[in-house]
Amino acid sequence: MDFLNALVALLNFVVVPATAYGAQLALGALGVTLVYGILRFSNFAHGDTMAFGTMATILFTWGLQAAGISLGPVPTALLALPAGIAAAALLVLGTDRAVYRFYRRRKANPVILVIVSMGVMFIYNGLVRLVIGPGDRNFDDGARFIFTVRDFREATGLDEGVGLRTSQAITVITAVIVVAVLFWFLNHTRTGKSMRAFSDNEDLALLSGINPERVVMVTWLIVAALATVAGVLYGLDKSFRPLTYFQLLLPIFAAAIVGGLGSPLGAIAGGFVIAFSEVTITYAWKKVLEYLLPQSLEPSGLVQLLSTDYKFAVSFMILVVVLLFRPTGLFRGKSV
Amino acid sequence: MSAGNGTGPYGGRGNNDASIVKPGSGSSTVAAGPGGDPRPARGTRPFLEGRGMTGGYGRGPDILHDCTIAVNPGEIAVIVGPNGAGKSTAMKAIFGMLDLRAGTVVLDGTDITALSPQDRVARGMGFVPQTGNIFTTMTVEENLEMGAFIRRDDIAPTMEQVYDLFPILRDKRRQQAGELSGGQRQQVAVGRALMTRPKVLMLDEPTAGVSPIVMDELFDRIIEVARTGLPVLMVEQNARQALEIADRGYVLVQGANAHTGTGPGLLADAEVRRSFLGG
Amino acid sequence: MSQGLRNAALFAGVGLLIVLTGFVQSWNTALVILNMGLVSAIMAIGVNLQWGFAGLFNVGVMGFVALGGLAAVLVAADPVPEAWSAGGARVMAGLVLGALTIAAAALFWARMAPGRARALGLVAILLVGFFAFRAVLDPGVAVIEAIDPAATGYLGGLGLPILLSWPAGGLLAAGAAWVIGKTALGLRSDYLAIATLGIAEIIIAVMKNEDWLSRGVKNVIGLPRPVPYEVDLQRSETFVARAAEFGLDPMTASGLWVKAAYGLLFAAVLLAIFVLAQLALHSPWGRMMRAIRDNETAAEAMGKNVTRRHLQVFILGSAICGIGGAMMTTLDGQLTPSSYQPLRFTFLVWVMVIVGGSGSNLGAVLGGFLIWFLWVQVEPMGQLLMSTLASGLPEGSDLRAHLLDSAAHVRLLTMGVILLLVLRFSPRGLIPE
């Protein structure tokens, strides 16, 4: 019984939140890794692209809510998501046209593109704050929980319970669908394969008659969709605040690098590695240990390795370890 | 191998009379030696010809000086020469990868000097670069598919023909190309180029870095490709072996034609032997 | 126009902007801009040293600046003897233990043969060391933070003159840069960027959360000053008399005098750092640095130890940022860890370097002044723009309120646009290398 209680507590406080967070990071990291694979630079504006897509979705959600449209127990934001993606797509395609294409044509050094993306980051950031303000926005409506901790306890008779929030379930389901569609696209369609070919060997792809501008355009479309979905899921699960999205850049980059930059599979694995490490290291294990250890050994403190304020440190440490011992990442990304 | 006369996978393109590309056929010997007309002496017009090419990379110094390379229909032409002679550069010039200051490139009677490499691929030139010539993270089959990217028709028959030509690729079609051995990678690379159903195939040092046994096998395959009627132009480091299978050979020295003739003719030429075949 | 004349004109232009501010707004504002411009110029020189000289992509400027700020507290704040006697020894022991653990782990890793045993041993050392560190440190921290938390609740500083904190800030930042450089240099440029971005966030997190060290979000206020206080000046009869000669009331005059004094101090430091940076740029060391930047492979082939040189310049540049950070905290008179934002302290400095001209120290100085001026002045301009836009809207409408509220964010947008325009149309900046 104690063992079951410990397990349930672990599920509730570690596994469920980390899975949802991991899915959000994975989607974010996929965007970063795609830009890296195709356009060959680390996109510092990715966090703010997520913020922009989420902001657009929130605006459309408000519109829908004002019109009295809702999805019942499911957040209205899901209905507004396609419109948000479209807005983000317009933004990134416009940016590519006005900014990145110039440097691509001149075959600029990747680090110049990174600096350029810093400028784009400023602009997106200013844009988002200008439109929606720097404060917290909660746009989650619909049912809060699929089942609560109390429901679970009453149903099972255990002391501990596990609750599942709607946003967590939606995060995982949406992420699975998005990733499945993305992989199907990359592995089974002509355009998807041409993207992989371009990422693998640009010169040979050109020789094979693959149109680079088309590949780049499709990439930005996918990146806009991934960023918006990741941002909206994160916003539903936690809340929307422009600065938070900017700060997500670090765990997202960590996830992409840990998985291997340029490797989509690696981005997903990296997202979960980072999320689970962050949550387990910043979780106070006292409760779980109390169930597992005999009374005499029970811990007096919280048994928290690091306070939650240091979650950045966790992604950072993992990043450093991977960079030192396996610089190409778990899934052998590009090392150039 | 299934590449029979007339029914070869590339039938209807180039010269179907495979007998004329038999290796070692001595009937078309051209007097070899400096000053010999570098153009093929046969009555037919060359299928692909870079004539009087002069140029270099970007704004750098000229690497090629009035260099002429030509391939006849159904023949194997080989460019050999010492290191730094501009062999690969000559091939890249024909393929449009450097700016020519003088000279023209003619493909099947059309002047293509101004076309980009991509457009040349669309016009029927198949090019296999020396390095980075496969998509290492993609499967063998996907490599072939990408080779046929510009085609909108059914590519399955062409893929079958490539598999017939390189049976090992059929077995490894689901494997990542990057996991294959050096010789197998080169077969993937050639197969990829063949997927566009090119009218002429250009190989940049196809045997670089492979063992002698693999090299012999690769040459056999190339002969087979040529036998289907597809003209082949290649740059080779292994001059002796390459000239043995060549209908035409070009010896470049410092970016200019030094000797031109049939493969066996050049092999027999004392001057060529002494100056760079090592006696 | 010759290069020298052009540069002089550019500086004169920026000077004119600041003087205009003095006439149009107030001399107080002009001096505030000038002082932070001086500090910004120092930070920009630091980043330029790394990026312009060596091509190192450091986006952790904020972290080094914050370390400088921390140095100001550690050097100049009054010590809290109660805290020291209650938990000081314990915390110090904890820190020493932590350092020993890392040293032991590094030594173990270097001495052992590669293999599973080495990896497991390393993990074991780190785990045991970490728990021991926490076991020693945590009770000490708890005691210290319990002592009069509203006023102190931290160990305090050494109570030394605050000017000493400027070099101390440089040293602290240099130490951090050494650790980061040892791990991240030699990797690709993007990786260094991510690593520095991360370390900066961690430094801020430590300063926000380790109350025993920096009072965290409770801030350290009332740091001593290297210049007189306004109230003292106003009490001094000679000062009031001198002010009256210039037709100034004592309040205004004291404010201006204090700011001017800061300005002189800062200008002296800027001048010293600028001269040193110029000497470095034109020394054989600087030439080698640029040779490495332009062709790393060739330099390596010539037997230059590229990673070592990079480490040197990374440490130097970070130290300069640390000095700038300590100066800034001195100017503010307080340390507020939550005020460190990457957009303001990392990316804005980058805009200064790029706009000024990467690789040119003079450019970095110019960029520091110009961009700081714009950063300050774009906000009122945005306010003006927004109120013009909103003037047609009815009083009390949501959009009107929103427009007026969002004026503050126009400057992020402006900085982004400036950066992109310079990169596109004048990639070598205002004063090219």
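Rule-based calculations on the coordinates, nothing more; no lab input. Nothing here was measured: the structure is a model prediction, and the numbers come from that model. Backbone-built Cβ (ideal geometry, glycine too); neighbour counts: all protein chains shown.
Can you run phi through the Karplus equation (6.51, -1.76, 1.60; θ = phi - 60°) for segment C:11-19 and list ³J(HN,Hα) in whole Hz, with x for Gly and Pro?
Karplus values, whole Hz, x for Gly and Pro: 5, 4, x, 5, x, 4, 4, 5, 5.
I'd like the Karplus ³J(HN,Hα) series for segment B:195-210: coefficients 6.51, -1.76, 1.60, θ = phi - 60°, whole numbers in Hz, and an x wherever there's a Gly or Pro.
Each residue of segment B:195-210 in turn: 5, 7, 6, x, 8, 8, 10, 10, 10, 9, 6, x, 9, 4, x, 10 Hz.
DSSP beta bridges in the protein assembly as shown, what fraction antiparallel, as a percent rounded to 5? Don't skip to the end; give the middle numbers.
Working: 26 of 43 bridges.
Counting DSSP beta bridges with both partners in the protein assembly as shown, the antiparallel share is about 60 percent.
In segment C:95-115, which residues have a backbone nitrogen under 19 Å from the label point lying 7 Å from C:L158's Cα in the Cα-to-Cβ direction?
Inside the label zone: C:95-96.
Taking neighbour Cβ counts within 10 Å as the exposure measure, how do B:R59, B:R240, A:R104 sort from fewest upward?
On the way: B:R59 6, B:R240 13, A:R104 17.
If I rank by nearby Cβ atoms, fewest first, I get B:R59, B:R240, A:R104.
For each of A:L233, B:L201, A:L289, A:L78, count neighbouring Cβ atoms within 10 Å of the residue's Cβ, then give the residues from fewest to most.
On the way: A:L233 29, B:L201 26, A:L289 15, A:L78 18.
By the 10 Å Cβ count, ascending: A:L289, A:L78, B:L201, A:L233.
Separation between the A:R105 and C:Q234 pseudo-spin-labels, each 7 Å from Cα along Cα→Cβ, expressed in nm?
Distance between the two pseudo-spin positions: 6.2 nm.
Take the alpha carbon atoms of segment C:7-82, find their center, do the same for segment C:166-211, and report the distance between the two centers in whole angstrom.
19
Would you work out if segment C:1-141 is rounded, prolate or oblate? Take a ≥ b ≥ c from the square roots of the eigenvalues of the alpha-carbon gyration tensor; rounded if a/c is under 1.5, else prolate when a/b is larger than b/c, oblate otherwise.
Details: a/c = 5.30, a/b = 1.86, b/c = 2.86.
Since a/c reaches 1.5 but b/c is at least a/b, the shape of segment C:1-141 is classed as oblate.
Calculate the FRET efficiency for C:A150 and B:R59 from the Cβ-Cβ distance with a Förster distance of 60 Å, rounded to the nearest 0.05. Walk me through the numbers before you get to the answer.
Numbers: r = 71 Å, r/R0 = 1.19.
Working from the Cβ atoms, E equals 0.25.
May I ask you to list the residues of segment A:17-48 whose amide nitrogen lies under 18 Å from a point 7 Å from Cα along the Cα→beta-carbon direction of A:V181?
Within reach of a label on A:V181, which here means backbone N under 18 Å from a point 7 Å along Cα→Cβ, segment A:17-48 contributes A:23-32, A:34.
With a Förster radius of 56 Å, plug the Cβ-Cβ distance of A:F147 and B:T131 into 1/(1 + (r/R0)^6) and report the FRET value to the nearest 0.05. Don't skip to the end; give the middle numbers.
Values: r = 58 Å, r/R0 = 1.04.
Between A:F147 and B:T131 the formula returns 0.45.
Output ³J(HN,Hα) for segment A:154-159: one whole-Hz value per residue in order, computed from phi by the Karplus curve 6.51 cos²θ - 1.76 cosθ + 1.60 with θ = phi - 60°, and x for Gly and Pro.
Values per residue, Gly and Pro as x: 5, 6, 9, x, 7, 6 Hz.
What does a probe at C:V217 reach in segment C:150-180, counting residues whose amide N is under 13 Å from the point 7 Å along Cα→Cβ?
none
About the Cα centre of the protein assembly as shown, what is the dipole size in debye to 20, counting +1 per Lys and Arg Cβ and -1 per Asp and Glu Cβ, all else neutral?
Numbers: 79 positive and 72 negative charges, 344 e Å.
In debye, rounded to 20, the protein assembly as shown gives about 1660.
Specify whether the C-alpha gyration tensor of chain C places it in the rounded, prolate or oblate class, a ≥ b ≥ c being the square roots of the eigenvalues: rounded for a/c under 1.5, otherwise prolate if a/b is larger than b/c and oblate if not. All intermediate terms of the calculation are to be shown ahead of the outcome.
On the way: a/c = 1.71, a/b = 1.22, b/c = 1.40.
Judged from the Cα gyration tensor, chain C comes out oblate (a/c at least 1.5, b/c at or above a/b).
Looking at the square roots a ≥ b ≥ c of the eigenvalues of the Cα gyration tensor of segment B:123-279, which shape do they give, rounded for a/c under 1.5, prolate if a/b is larger than b/c, or oblate? Walk me through the intermediate numbers first.
Values: a/c = 2.33, a/b = 1.86, b/c = 1.25.
It comes out prolate by the Cα gyration axes.
In bins 10 Å wide, starting from 0, what share of all Cα pairs of the protein assembly as shown does each bin hold, as a percent?
Values per bin, smallest distances first: 2, 9, 16, 18, 18, 15, 11, 7, 4, 1, 0, 0.
Which value in deg cm²/dmol, rounded to the nearest 500, describes the helix-derived mean residue ellipticity at 222 nm for chain C, given -39,500 (n - 2.57) per DSSP H run of n ≥ 4 and division by the residue count? Don't jump to the answer; show the numbers that get you there.
Details: 18 runs with 315 residues, N = 433.
After summing the helix terms and dividing by the residues of chain C, the value is -24500 deg cm²/dmol.
With point charges of +1 on the Cβ of Lys and Arg and -1 on the Cβ of Asp and Glu, referenced to the Cα centre of the protein assembly as shown, which listed residue (B:H259, A:I38, C:G392) lies farthest in the positive direction of the dipole?
My answer, from the dipole projection, is B:H259.
For a 31 Å ceiling on Cα separation, which of these pairs sit above it: A:K107/A:K238; A:K193/C:K304; A:K107/B:K172; A:K107/A:K311; A:K238/C:K218; A:K193/A:K238? All intermediate terms of the calculation are to be shown ahead of the outcome.
Working: A:K107/A:K238 40 Å; A:K193/C:K304 43 Å; A:K107/B:K172 36 Å; A:K107/A:K311 37 Å; A:K238/C:K218 26 Å; A:K193/A:K238 36 Å.
Violating the 31 Å limit, Cα to Cα: A:K107/A:K238; A:K193/C:K304; A:K107/B:K172; A:K107/A:K311; A:K193/A:K238.
Note down the magnitude of the dipole of chain C about its Cα centre, charges +1 on Lys and Arg C-beta and -1 on Asp and Glu C-beta and zero elsewhere, to the nearest 20 debye. Can you show the working numbers first?
On the way: 26 positive and 23 negative charges, 332 e Å.
About 1600 debye.
For segment B:197-279, state the average projected area of the convex hull of the C-alpha atoms over all orientations, rounded to one decimal in nm².
Numbers: hull surface 23.7 nm².
Orientation-averaged projected area of the Cα hull: 5.9 nm².
Positive end of the dipole of the protein assembly as shown, charges at C-beta (+1 Lys, Arg; -1 Asp, Glu), about the Cα centre: which of A:S167, C:I202, C:L34 has its Cα farthest in that direction?
C:L34
Based only on other Cβ atoms within 10 Å, what is the fewest-to-most ordering of A:L27, A:L34? Numbers along the way, then the final one.
Values: A:L27 31, A:L34 25.
So the residues, fewest neighbours to most, are A:L34, A:L27.
Identify all aspartates and glutamates with a Cα-Cα distance to A:K287 below 15 Å; exclude those on the same chain that are fewer than 8 residues away in sequence.
Within reach: A:D2, A:D159, A:E160, A:E298.
Quick one: putting +1 on the C-beta of Lys and Arg, -1 on the C-beta of Asp and Glu, what dipole do you get for segment B:128-197 around its Cα centre, in Debye to the nearest 20?
On the way: 9 positive and 9 negative charges, 29 e Å.
Once rounded to the nearest 20, the dipole reads 140 debye.
With the crude spin-label approximation of a point 7 Å out along Cα→Cβ, what separation in nm comes out for C:R6 versus A:A66?
Result for the modelled spin labels: 5.2 nm.
Taking the Cα centre of segment A:2-325 as the origin and placing charges on Cβ (Lys, Arg +1; Asp, Glu -1), which of A:G94, A:L323, A:I58 is farthest toward the positive end of the dipole?
A:G94
Per the helix-only calculation at 222 nm, which mean residue ellipticity applies to chain A, given -39500 (n - 2.57) for every DSSP H run of n ≥ 4 and division by its residues, nearest 500 deg cm²/dmol? Please list the in-between numbers first.
Working: 16 runs with 233 residues, N = 336.
That calculation yields -22500 deg cm²/dmol at 222 nm.
So if I take the centroid of the Cα atoms in segment B:107-168 and the same for segment C:382-398, what is the distance between those two points in Å?
62
Within 10 Å of each candidate Cβ there may be at most 13 other Cβ atoms; applying that plus a DSSP loop requirement, which chymotrypsin sites (Phe, Trp or Tyr not before Pro) in segment C:49-113 survive?
Nothing satisfies the criteria.
With label points built 7 Å along Cα→Cβ from the Cα atoms of A:F3 and C:F108, find their separation and express it in nm.
It works out to 3.1 nm between the two label points.
Take the alpha-carbon centre of segment C:102-125, take the same for segment B:202-229, and report the distance between them in whole Å.
Rounded to whole Å, the Cα centres lie 51 Å apart.
In Å, what Kirkwood hydrodynamic radius results for segment B:145-223 from the alpha-carbon pair distances?
Working: mean 1/r = 0.0764 Å⁻¹.
Radius from the Kirkwood sum: 13.1 Å.
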